[in-house]
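Q: Take a look at this one; I'll ask things after.
The values are calculated or read from the model by the stated rules, or taken from the named source; none is laboratory data. This is a predicted model, so every value here is computed, not measured. Note that each Cβ is placed from the backbone with ideal geometry, even for glycine, and that neighbours are counted across all protein chains shown.
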Amino acid sequence: MESKGSAATQAQQGSWMKVVSGVAGLLLLLGGVAVQPAVAGGATEAMKHTIEEVLTTIQDKELKQPGRAEARRQRLEQIVGARFDYQEMSKRSLGAPWNTLSDKDKQEFVALFQTLLTNSYADKIESYSGEGVKYINERTENDYAEVRTKVLTGKVEIPLDYRLLNKGGDWRVYDVVVDGVSLVNNYRGQFSKILRSSTYADLVDQLRKKSDKIKVQ
C-alpha cells in the first residue's frame, strides 16, 4: 500500500526541522483526539483502542499530580510503543541501507529513531486539549491495512491516515500520512540526502544530536 511521492511530499523534504515538527504534530494528534464511533474493522478497532488509552492517561488526575510527570510520560510511551512498530518504521525510513547493517547497528538505529520521535511529541502531547476525529473507512489487503481518519481542528478537517501491518494477529502502525504527506517518505528523503553526501556514521550522529536538541527545548 505504498503511495507514489506527491509534490506535497517533495516540498516537505526541504527541511529536517519541518519533518521533526510534523512528527510532533502527528503524534500529538494521536494522543489528544476525542473519539467518535469507529467504522467496523480490526485495524480501526486497534487504533481506536490505542487512542482511548492515550486520552485516558492524559486525563488521569492522579498522573497530573506534581512529581508524576515522568510516570505519565512513561505510560504514554508504553501505549504508543505498543501500537507503533518502530523497527518497521525505521527499516522503511532508512530504505536499502537497512539491509547492509549488522543486527547491532539495526538495534542502535531503531533506538535512536524511536528516541527522536518520542522527544518530538512528549511535552506537546500532554498539553493538547483535543477536539475530535472522524473515522472515514478502512482498506485491507492481506496483512496490510489503512485506516483513514479526519482530525477536526476548529472548522478545518485534516486528513490523517494510519498504515498498519498485521504481525501475529496484532495491527501495528508502520507509517502515518498527514494531509497526503507520509512520515516514512519524509524521513527516507532526509536520510538519503545525508547518506549521498556523507556516511552512515554521520547520519547516526546527526540523529543523536537532533534528538538531544529537541529533548532540551
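Q: Just to be sure before I move on: is V204 β-branched (V, I, T) and buried (at least 19 other Cβ atoms within 10 Å of the Cβ) in the structure I sent?
A: Answer is no for this residue.
Q: Does K209 meet the test of being in a helix (DSSP H, G or I) and touching a residue at least 40 places away in the same chain (Cβ under 8 Å)?
A: So K209 fails the test.
Q: Further question on the same structure: Test R196 against the stated conditions and say whether it is within 19 Å of the chain's Cα centre (by Cα), in a helix (DSSP H, G or I) and not hydrophobic (A, V, I, L, M, F, W, C).
A: Answer is no for this residue.
Q: Could you list all residues from the range 165-207 that are among the charged types (D, E, K, R) and out of contact with any helix residue (DSSP H, G or I) (no Cβ under 6 Å at 6 or more places or on another chain)?
A: Within the range 165-207, K167, D170, R172, D179, K193, R196, D202, D205 qualify.
Q: From V178, V173, V133, which residue is more than 16 Å from the chain's Cα centre (by Cα) and among the hydrophobic types (A, V, I, L, M, F, W, C)?
A: Checking each option against the conditions leaves just V133.
Q: Only one of (1) in contact with a Phe, Trp or Tyr (Cβ under 6 Å, 6 or more places away or on another chain); (2) at pLDDT below 85 fails for A8. Which number is that?
A: With (1) in contact with a Phe, Trp or Tyr (Cβ under 6 Å, 6 or more places away or on another chain); (2) at pLDDT below 85 applied to A8, the lone miss is (1).
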